[in-house]
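Remarks on the structure that follows.
The values are calculated or read from the model by the stated rules, or taken from the named source; none is laboratory data. Note that this is a predicted model, so its numbers are computed, not measured. For neighbour counting, all protein chains shown are included, and Cβ atoms are generated from backbone atoms with ideal geometry for every residue, glycine included. Accessible surface is based on the protein model in full, side chains and every heavy atom, while ligands, DNA and RNA are left aside. Shrake-Rupley method; radii C 1.70, N 1.55, O 1.52, S 1.80 Å.
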Amino acid sequence: PMHDAVSLPDWPVPWLRTIAEAKLVEQLAVALLAALHEQEQNPRQNSSLPTDMLRPPPPVVERAVTLSFPKVIEAWRTAQQDALTKPDAALRSACVLLETVCKHILAEIGVAEPRTPILTKLYVAVARELGITGDLKTLASGLRATVDGIAHGRSHLSDAHGAAPSDRPVSSFHASLAVQAAGALSAYLMEELFRRKAESGVP
C-alpha cells in the first residue's frame, strides 16, 4: 500500500492543529454532503465528488505511477506532509525525494550509483545518462542550482544534523518552496526517462 491508516489519537498535534485551522474536515464534510445530495437527486447517475475534489494527481505522482516507482510517491507524500507539519524535516524530505528519483532512474537504466551517492553526484549521473546537455544547457544549469539549493538546505537548515541554540527555525513557506521545487525537478527527470523509453521502444 502507498499509505497506512493511523488512528486519530496517534496523529501529531501540529498535524491536527493544521487540519483544524484550515477547516479541512469541514470542507470534506460539505463535499461529501453535496455528493450524497447529487446521488439522491439522480439515483440512476453515478455519484461523484464535486469538481474541486476530482483534481488530477500532481505530475510527480502521475509519472511515478506510470513508471511503477511507488517509493517515489511515498517520498513525495512524506515531503508534502512535512511541509505542513514539520518545516525543518521538509528540507530533508525534499532532498530524499530527489535522491529516491535519481536512484530509481539509474536502476531503471541499469547504471550503477556513484560511489558516494549524495544528491549532487546522483543528479550529475542522471543528467549524463538522460542527455540533459546541449540545447538544454540553460535549463540544466537552473535545475542544477535547484539541486544544489535543496542539498544545501538539507545540510545547513533542516533537522538532518541537529540544531544549535542559535539556529532559526525554517518557515513553512521556505519548506513548501523546497518541496515544490523538488517535486517539479523530480517530475521533469522522470518525464525525460519516460520519453527516452518511449523513443527506444522499451515498455
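One residue stands out in the range 98-130 among those that are of a type in the set (Asp, Glu) and part of a helix (DSSP H, G or I): the one that is nearest to VAL61 (Cα to Cα), namely GLU99. VAL124 - would you say it is surrounded by fewer than 21 Cβ atoms within 10 Å (Cβ to Cβ) and of a type in the set (A, V, I, L, M, F, W, C)? Answer is yes for this residue. Across the range 66-77, a minimum of one residue is classified as closer than 14 Å to ALA181 by Cβ, buried (at least 17 other Cβ atoms within 10 Å of the Cβ) and out of contact with any Pro (no Cβ under 6 Å at 6 or more places or on another chain). Every condition in (1) of a type outside the set (Val, Ile, Thr); (2) modelled with pLDDT of 85 or more; (3) open to solvent by less than 90 Å² (accessible area, probe 1.4 Å) holds for GLU62 except the one numbered (3). Screening ALA107 on (1) surrounded by fewer than 19 Cβ atoms within 10 Å (Cβ to Cβ); (2) modelled with pLDDT under 95 shows it passes everything except condition (2).
In this structure, does PRO87 turn out to be surrounded by 13 or more Cβ atoms within 10 Å (Cβ to Cβ), modelled with pLDDT under 85 and within 21 Å of TYR123 (Cβ to Cβ)? Write out each step before concluding.
Numbers: surrounded by 13 or more Cβ atoms within 10 Å (Cβ to Cβ): yes; modelled with pLDDT under 85: yes; within 21 Å of TYR123 (Cβ to Cβ): no.
Against the criterion (surrounded by 13 or more Cβ atoms within 10 Å (Cβ to Cβ), modelled with pLDDT under 85 and within 21 Å of TYR123 (Cβ to Cβ)), PRO87 does not qualify.
So for the range 140-149 (the condition being outside any helix (DSSP H, G or I), modelled with pLDDT under 75 and of a type in the set (A, V, I, L, M)), does at least one residue qualify? So that I can check it myself, show each step before the final result.
Going through the range 140-149, the residues outside any helix (DSSP H, G or I) turn out to be none.
There is no residue in the range 140-149 that is outside any helix (DSSP H, G or I), modelled with pLDDT under 75 and of a type in the set (A, V, I, L, M).
Selection within the range 85-97: residues that are assigned to a helix (DSSP H, G or I) and charged (D, E, K, R). The member of this set that is farthest from LYS71 (Cα to Cα) is ASP88.
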